[in-house]
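The values are calculated or read from the model by the stated rules, or taken from the named source; none is laboratory data. Predicted model, so just to flag it, every value in this text is computed and none were measured. Cβ placement follows ideal geometry from the backbone for every residue including glycine, while neighbour counts extend to all protein chains displayed.
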């Protein structure tokens, strides 16, 4: 298991939509426009009100989704089916328990708690989500691509993520749902709707410990192909031509002698 | 710089024996060089079945084949001689090409060509080939950068190929012997001579290329600096002509002497019969050298 979580909550969506009240209002507007599907409402857990969305609901944040005929209906239908799966029932129970252990909202900690409590069900749920995403790609042309990466640093609310492919991605912190600590392994989730692409940084859903994770990411980076392909290096020469040339070529009268081509007889 | 090269053909198909100037094409011909990060490495070949497992552990789909696994972190084994080094990267679809710079005599010995009671061994020197833009190739022909030898066009080579003498690397003779069939072309005698002159200039600042440039500098100085005048060029060329003949005596007459001596020592040749014409040649050329040198000295002296 080395992917982005197959679910996210209203808290992450609100963050992606501007955070605070603005984000909440935006989410409600998208719900009203049917761009976001109906979530699984878990209700209040401690002081957190939680609604669960499948990962592919991220497509609804790209407003162009409405331009694809039947897209909102299809999204609603596949979401309802996915949320009705047995795996999701177990996952949502684990989410509730995990959230109960939180003092402050942290998607990383929530996911970690779910992995601890329901790793098998989570894997099954991820497979459901991945299969729906493949179907959405086929039916609506929406693509979902996950890429492993490491947070390098955050400067001026821009998160620099070094990806396993060797590329570097700059993501505004408003689209980062993972802890922004330097060296944190994350997943960049790219959602493409009608050629408009949005990238969201999610925590990694994994059973590996920190060192194993770092090792896995390192190997992924080491074996990734060069994004630009290999370009032949320019030969550096220290040669400085004379500022003048011969006015006419000189031909040697004595030619045809060589010290490098004669092969002496065998001793 | 190719005034003396003539019309060609400048290349030939490789002969049976490997000689100076043969051009090879093979994936392993990398211009390996060291930096201060270079370190000896341990490790070895990991069998295909284990490579698959390693790939799984790494989260990578490794091909099901034996792979080399080496690292400075593993204990280096003296017999293996693996070291971490640097090399120029080429585009993935380009196979490295390299030209043999070791002389034909050394090559014959290392590869046991026409030799007996020896075994293949030692290392041979190669210069990697690069491909440059046409303008740069023209510039190299005009300006004579000793570290870079532009190769005349041939259908068997990419256009605007350059032998990078400044990036030479050594290859184990055993592997050259194994890859004799990887030769794509040999140089004609005039082109091999051009390469030899270039190499001498690069490696030792000697020979026609080197003194050609230095006599041009002499002409410039005689002209008071800057672009040399025609008369000054004639004066400097007279010096270069003397050196041409001196080089001819060294590279032709004395090489002939060497061949005859080997004939006498190793093959029962008759010294009494072989020596007189050689000595005659040397005397004739020495006298001419003397005359030419005196004439050049007189001209220079008159000018001074």
Taking the range B:229-238 and keeping residues more than 7 Å from chain A (Cβ to nearest Cβ) and within 20 Å of residue B:144 (Cα to Cα) leaves B:236
Per the list (1) within 11 Å of chain A (Cβ to nearest Cβ); (2) surrounded by 17 or more Cβ atoms within 10 Å (Cβ to Cβ); (3) farther than 22 Å from residue B:18 by Cβ, residue check on residue B:87 breaks on (2)
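Yes or no, residue by residue, for (1) more than 19 Å from residue A:13 (Cα to Cα); (2) touching a helix residue (DSSP H, G or I) at 6+ places or on another chain (Cβ under 6 Å); (3) not in a helix (DSSP H, G or I):
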residue: A:64; (1), (2), (3): no, no, no
residue: A:69; (1), (2), (3): yes, no, yes
residue: A:75; (1), (2), (3): no, no, no
residue: A:79; (1), (2), (3): no, no, no
residue: A:92; (1), (2), (3): no, no, no
residue: A:110; (1), (2), (3): no, yes, no
residue: A:121; (1), (2), (3): yes, yes, no
residue: A:124; (1), (2), (3): yes, yes, no
Picked from the range A:155-170 (must be touching a helix residue (DSSP H, G or I) at 6+ places or on another chain (Cβ under 9 Å) and buried (at least 16 other Cβ atoms within 10 Å of the Cβ)), the residue modelled with the highest pLDDT is A:159
Counting only helices (runs of 4 or more DSSP H) wholly inside the range B:141-242, the ones holding at least 2 residues that are out of contact with any helix residue (DSSP H, G or I) (no Cβ under 6 Å at 6 or more places or on another chain) and over 21 Å from residue B:4 (Cβ atoms) are B:173-178, B:208-222
Going through the range A:207-251 in order, the residues found to be in a loop (DSSP other than H, G, I, E, B), at pLDDT 75 or above and farther than 30 Å from residue B:136 by Cα are A:207, A:208, A:209
| query | Does the range B:129-143 include one or more residues that are within 14 Å of the chain's Cα centre (by Cα) and either touching a residue at least 40 places away in the same chain (Cβ under 8 Å) or within 11 Å of chain A (Cβ to nearest Cβ) (or both)? | reply | yes
Scanning the range B:36-69 for residues that are within 14 Å of chain A (Cβ to nearest Cβ) and touching a strand residue (DSSP E or B) at 6+ places or on another chain (Cβ under 6 Å) gives B:51, B:67, B:69
Going through the range A:133-146 in order, the residues found to be in contact with a strand residue (DSSP E or B) (Cβ under 7 Å, 6 or more places away or on another chain) and either farther than 24 Å from residue A:210 by Cβ or at pLDDT below 90 (or both) are A:133, A:137, A:142, A:143, A:144, A:145
Residue B:176 passes all but one of the listed conditions (1) surrounded by fewer than 19 Cβ atoms within 10 Å (Cβ to Cβ); (2) away from chain A (no Cβ under 12 Å); (3) under 26 Å from residue B:111 (Cβ atoms); the exception is number (1)
Of (1) assigned by TED's automatic domain parsing to the domain that holds residue B:166; (2) modelled with pLDDT under 95; (3) over 24 Å from residue B:145 (Cβ atoms); (4) in contact with a helix residue (DSSP H, G or I) (Cβ under 9 Å, 6 or more places away or on another chain), residue B:105 fails just (4)
Of the residues in the range A:82-95, those that are surrounded by fewer than 19 Cβ atoms within 10 Å (Cβ to Cβ) and in contact (Cβ under 8 Å) with a residue 40 or more places away in the chain come to A:85
Q | Residue match in the range B:276-295 (condition: at pLDDT below 95 and either more than 10 Å from chain A (Cβ to nearest Cβ) or closer than 20 Å to residue B:193 by Cβ (or both)) | A | no
Those residues of the range B:255-272 which are assigned to a helix (DSSP H, G or I), more than 9 Å from every other protein chain (Cβ to nearest Cβ) and free of Cβ contacts under 8 Å to residues at least 12 places away in the same chain amount to B:261, B:264, B:271, B:272
Could you tell me whether residue B:20 is assigned to a strand (DSSP E or B) and either touching a strand residue (DSSP E or B) at 6+ places or on another chain (Cβ under 6 Å) or crowded, with 17+ Cβ neighbours inside 10 Å (or both)? no
Within the bounds of the range B:273-284, is there any residue that is more than 28 Å from the chain's Cα centre (by Cα), farther than 25 Å from residue A:263 by Cβ and not in a helix (DSSP H, G or I)? no
If we keep only residues of the range A:53-62 that are without any contact (Cβ under 8 Å) to a residue 60 or more places away in the chain and assigned to a helix (DSSP H, G or I), then the residue farthest from residue A:83 (Cα to Cα) is A:60
The correct count of residues that are assigned to a loop (DSSP other than H, G, I, E, B) and either within 22 Å of residue A:215 (Cβ to Cβ) or in contact (Cβ under 8 Å) with a residue 24 or more places away in the chain (or both) in the range B:35-59 is 5
Those residues of the range A:176-198 which are surrounded by 19 or more Cβ atoms within 10 Å (Cβ to Cβ) and not in a loop (DSSP other than H, G, I, E, B) amount to A:176, A:185, A:186, A:187, A:188, A:189, A:191, A:193
